[in-house]
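S.K.: Below is the structure I would like to discuss, written out as structure tokens.
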Amino acid sequence: MAEWFEESFGEDYLLVYKHRDVQGAKREVHKMMEWLDLPSGAKVLDLCCGMGRHSMALDESGYEVTGVDLSEVLLREARKNDPDGRVTWLRADMRNLPLAGGFDAVVNLFSSFGYFEKDEEHLKVLKEIYRVLKPEGRFIIDFLNPDYTAAHLVPASERVDDGQLIKETRAIENGFVKKRITITDIRDNGTEMHKEPRNYLERIKLYKSEAFASMLSQAGLVLDYIHGGYDEEVYNAATSPRMIMVGRRCA
């Protein structure tokens, strides 16, 4: 059977998440570059780049950027938004990167981590980050804050967009936050058409900061500090919406 992430990042994903904006990505990249303090022309890997919003913003900031994602649909959109081919786009599994290394920084954004069942698979990802980084190379992993997520989880929501009824339910189950998405074609009068709804799952394993720091250490990575969001310098487990980890590869 296909893994959930092999099925969920297709054409319908573009509909569900089309509200993400380019200007927001540019603001986040500006803050990330303050944290990483990289020289102009530095080599940056955007791991799980999706449609490439952050990759393009990194390129505009003067860096040599490679964007990697498993979804050919999302990479198609990324290439469409990069008509001059300024970014190198690659399709690959984050556990096994077709890259030799030599990157000054790796960024992994918007909770593009925790996709797998076993801790060993997540450790493989971190070891790949270690492998492709230069000694003392920097990383950012932008992950959700487990405690905040649990406290603010919206159990169910629905909306209509482009003639589609999008229903989402969310729950925390066995250490994972799970979102189930059902998309149904509807008529102009709001009634459902006689088509089978499309169902998708999104699943992220919840790692608290101590557990994440332990995995990073096992992979040879040093966690320097954690931000609570792009507007928060200090991470607070109870109140911060994000857990943005900044660190480096050991020499």
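The values are calculated or read from the model by the stated rules, or taken from the named source; none is laboratory data. Nothing here was measured: the structure is a model prediction, and the numbers come from that model. Glycine gets a Cβ as well: all are built from the backbone with ideal geometry, and neighbour counts include every protein chain shown.
S.K.: Can you pull out every residue in the range 76-96 that is surrounded by 12 or more Cβ atoms within 10 Å (Cβ to Cβ) and among the basic types (Lys, Arg)?
M.R.: Within the range 76-96, Arg76, Arg79, Arg86, Arg91, Arg95 qualify.
S.K.: To continue, here is another question. Only one of these is within 16 Å of the chain's Cα centre (by Cα) and under 10 Å from Cys48 (Cβ atoms): Phe116, Phe110. Name it.
M.R.: Phe110
For (1) at pLDDT below 95; (2) farther than 22 Å from Leu216 by Cα, each residue gets a yes or a no:
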| site | (1), (2) |
| --- | --- |
| Ser111 | yes, no |
| Phe116 | no, no |
| His122 | no, no |
| Ile140 | no, no |
| Ala156 | no, yes |
| Asp162 | yes, yes |
| Leu165 | yes, yes |
| Glu173 | no, yes |
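S.K.: I would also like to ask the following. Can you tell which of Ile244, Ile181, Ile226 is within 24 Å of Arg27 (Cβ to Cβ), touching a residue at least 40 places away in the same chain (Cβ under 8 Å) and surrounded by 13 or more Cβ atoms within 10 Å (Cβ to Cβ)?
M.R.: Every option except Ile244 fails the conditions.
S.K.: What pairs come out if I take residues in the range 17-45 that are within 12 Å of Val107 (Cβ to Cβ) and without any contact (Cβ under 8 Å) to a residue 60 or more places away in the chain and pair them with residues that are of a type outside the set (D, E, K, R) and not in a loop (DSSP other than H, G, I, E, B) whose C-beta lies under 7 Å away, six or more apart or interchain?
M.R.: Once the first residue is within 12 Å of Val107 (Cβ to Cβ) and without any contact (Cβ under 8 Å) to a residue 60 or more places away in the chain and sits in the range 17-45, its partners that are of a type outside the set (D, E, K, R) and not in a loop (DSSP other than H, G, I, E, B) give Ala25/His54; Ala25/Ala57; Val29/His54; Val29/Ala57; Val29/Leu58.
S.K.: Moving to a separate point now. Within the range 62-79, count every residue that is out of contact with any Ser or Thr (no Cβ under 6 Å at 6 or more places or on another chain) and part of a strand (DSSP E or B).
M.R.: Going through the range 62-79 one residue at a time, the tally reaches 3.
S.K.: Restricting to the range 125-169, name every residue that is of a type in the set (D, E, K, R), touching a residue at least 12 places away in the same chain (Cβ under 8 Å) and surrounded by fewer than 19 Cβ atoms within 10 Å (Cβ to Cβ).
M.R.: Lys127, Arg131, Lys134, Glu136, Asp147, Asp161, Asp162, Lys167, Glu168
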